[in-house]
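First comes the structure, then the notes that go with it.
The values are calculated or read from the model by the stated rules, or taken from the named source; none is laboratory data. These numbers come from a predicted model, not from an experiment. Cβ atoms come from the backbone with ideal geometry, glycine included; neighbour counts cover every protein chain shown. Only protein heavy atoms, including side chains, enter the accessible area calculation; ligands, DNA and RNA are left aside. Shrake-Rupley method; radii C 1.70, N 1.55, O 1.52, S 1.80 Å.
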Amino acid sequence: MTKLDITYCYPEVSDSEEPYIKFKNLRHPLINQSVVIGNTAMVGTPGVSSTGVRNSVLGNNSMYLNTSGADNVAIGYQSLYSNSAGSSNVANGYQSLYSNTTGGNNVASGYESLYSNTTGGDNAAYGYRTLFVNTTGFGNVANGYQSMMGNTTGFLNTATGYRSLFLNTT
């Protein structure tokens, strides 16, 4: 099987609002086996080299601040935007897992699901603004419109249905 060898066939980050695709040589040490599609996606923190590996990114500004986060999937505008070192996360939807910095093993699917999560891990949020203000809570499962929306630090909760455990905080 012949491997495609693409070297430096991607545009540099610019002020352009036009979307672009980053294709890099998978054998190059700076690539880290990631696929990135989207304007200013996975740019990283200025002045900090990125060591994150095996990330799949689709969406403008997705995984924007990633430096060492690995094995993440970010699909949607600004999904996993603030992620710096969080690993093994899946963010699917507009600004899902937006504030996540080091939290790992989270799954967020839906508009702004797990939006405020910073270090919380092992959470699963499915639906519009589920676990929206969760910051450090862990081991939670929220399924349904605004389910567990008020949870901040609560842990090991399960909520299913429209606004279930909506006022739960800790």
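Name the one entry in Ser96, Ser62 that is surrounded by 20 or more Cβ atoms within 10 Å (Cβ to Cβ), closer than 23 Å to Val35 by Cβ and touching an Asp or Glu at 6+ places or on another chain (Cβ under 7 Å).
Ser96
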Looking at (1) assigned to a loop (DSSP other than H, G, I, E, B); (2) out of contact with any Pro (no Cβ under 8 Å at 6 or more places or on another chain), which is the one condition that is false for Ala91?
(1)
Starting from region 35-60, take each residue that is touching a residue at least 40 places away in the same chain (Cβ under 8 Å) and list its partners that are assigned to a loop (DSSP other than H, G, I, E, B), counting only C-beta distances under 6 angstrom and pairs at least six apart or across chains.
Asn60/Gly38; Asn60/Asn39; Asn60/Tyr77
When you scan region 124-170 for strands (runs of 3 or more DSSP E) that lie fully inside it, which ones turn up with 2 or more residues that are more than 22 Å from Thr102 (Cα to Cα)?
158-160
Report, ordered by the first and then the second residue, all pairs with beta carbons closer than 8 Å, sequence separation of six or more or different chains, a first member in region 120-142 that is of a type in the set (Lys, Arg), and a second member that is open to solvent by less than 10 Å² (accessible area, probe 1.4 Å).
Arg129/Ser113
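Condition check: more than 20 Å from Thr169 (Cα to Cα), more than 9 Å from the chain's Cα centre (by Cα), among the small types (Gly, Ala, Ser) and surrounded by fewer than 19 Cβ atoms within 10 Å (Cβ to Cβ). Does Ser88 satisfy that?
yes
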Take the residues in region 99-122 that are among the hydrophobic types (A, V, I, L, M, F, W, C) and assigned to a strand (DSSP E or B), then tell me which one is nearest to Phe166 (Cα to Cα).
Ala108
Considering only residues that are in contact with a Gly (Cβ under 6 Å, 6 or more places away or on another chain) and of a type outside the set (S, T, N, Q), look in region 101-125 and name the one that is surrounded by the fewest Cβ atoms within 10 Å (Cβ to Cβ).
Tyr111
Please count how many residues of region 151-160 are open to solvent by less than 20 Å² (accessible area, probe 1.4 Å) and either under 16 Å from Asn105 (Cα atoms) or small (Gly, Ala, Ser) (or both).
2
